[in-house]
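A quick write-up on the structure given underneath.
Please treat every number below as a calculation from the coordinates, not as lab data. Quick caveat: nothing in here was measured; it's all calculated off a predicted structure. Virtual Cβ from ideal backbone geometry, glycine too; neighbours counted across all protein chains shown.
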Amino acid sequence: MTFEKILPHLKQGEKVIRSGWGGAELYVILEKESTHQAEKMNPYFLINVTGEGYTMFTPTVCDILAEDWEIVQ
């Protein structure tokens, strides 16, 4: 799937991944708008990586143009 097609799935709370990565990456999720210390936090992506846990994720141009996005079951 393209990033454009996978984005609605992320917005629905589903986990996604690129099949082309094939490494330690487990899945990407979208954290919805929330608050932290009474301040608004905008939505952001997190990636779960084996042995490292969660970290912020910003898609690269290659990620956005890729057609190998999949929903993680």
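Quick look at the values:
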read-out	value
Under 16 Å from Lys11, Cα to Cα: aspartates and glutamates that are on another chain or at least 8 residues apart	Glu31, Glu33, Glu70
The chain, dipole about Cα centre (Lys/Arg Cβ +1, Asp/Glu Cβ -1), debye to the nearest 20	160
Which of Gln12, Asn48, Ile71, positive extreme of dipole for region 3-71 (C-beta unit charges)	Gln12
Semi-axis lengths, Å, region 3-71, gyration tensor of Cα atoms, sqrt of 5 times eigenvalues	22, 15, 10
